[in-house]
Every structure is written in structure tokens, then in C-alpha cells.
1. Restricted to the range 30-48, and to residues that are of a type in the set (A, V, I, L, M) and touching a residue at least 24 places away in the same chain (Cβ under 8 Å), which residue is nearest to residue 60 (Cα to Cα)?
2. Taking the stated definitions as given, is residue 17 surrounded by 10 or more Cβ atoms within 10 Å (Cβ to Cβ) and either touching a helix residue (DSSP H, G or I) at 6+ places or on another chain (Cβ under 9 Å) or closer than 20 Å to residue 7 by Cβ (or both)?
3. Can you name the residue in the range 38-71 that is β-branched (Val, Ile, Thr) and surrounded by 14 or more Cβ atoms within 10 Å (Cβ to Cβ) and is also farthest from the chain's Cα centre (by Cα) among such residues?
4. Name the pairs: first residue in the range 1-29 and free of Cβ contacts under 8 Å to residues at least 12 places away in the same chain, second residue outside any loop (DSSP other than H, G, I, E, B), Cβ to Cβ under 7 Å, at least 6 apart or on different chains?
5. If I ask for residues that are out of contact with any Ser or Thr (no Cβ under 8 Å at 6 or more places or on another chain) and within 17 Å of residue 5 (Cβ to Cβ), which ones from the range 30-52 would you list?
Amino acid sequence: MASTNIWGALTGGNMVYEGTIPPTPGQSGMQKTRMTFFNLGPDKVRQLVERSSDDGKTWQVSYDFIYTRSR
């Protein structure tokens, strides 16, 4: 079983994690992934997750979520 390896740093005011993940069905080899967290205010964060099967030349959005604090 392949493992997921992710590392990150604060970049331009956003928290950006990059790493490698196991392939999706129909793909071969590990894929690159990138998760970016954007601070949208005191009670809101956007999480954008992308993956690349061509070593980072192009990226496809896996999901794009916005989280808000519930009161």
C-alpha cells in the first residue's frame, strides 16, 4: 500500500501543503497534490485541493470547500 507524504509552509499569507498521493483509479504511479488554505476572515477558511498526474505541469481541482464557524 502506498503512503501519502505531505509537507507545507506559509506562502504569501496562505498555508500551502504539497506532497505525493497514491494514484486514482485508472492512473499509474504516485501523483502530486497541493492543498491551499486561504484565510477569508475571522470565521471563514477556504480549502482548495488540487492534484497533478504530470509532475506539476498542470493541475486539476479535486475539491474547493469553504468552512465557516458555526455559532
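1. Among those residues, the one meeting the criterion is 35.
2. It is true that residue 17 is surrounded by 10 or more Cβ atoms within 10 Å (Cβ to Cβ) and either touching a helix residue (DSSP H, G or I) at 6+ places or on another chain (Cβ under 9 Å) or closer than 20 Å to residue 7 by Cβ (or both).
3. 45
4. What qualifies is 9/16.
5. Residue satisfying the conditions is 35 alone.
Read-outs throughout are calculated quantities, based only on the coordinates presented, and are distinct from any laboratory measurement. Bear in mind the structure is a predicted one, so any value in this text is a computation, not a measurement. Glycine also receives a Cβ, built like all others from the backbone with ideal geometry; neighbour counts cover every protein chain displayed.
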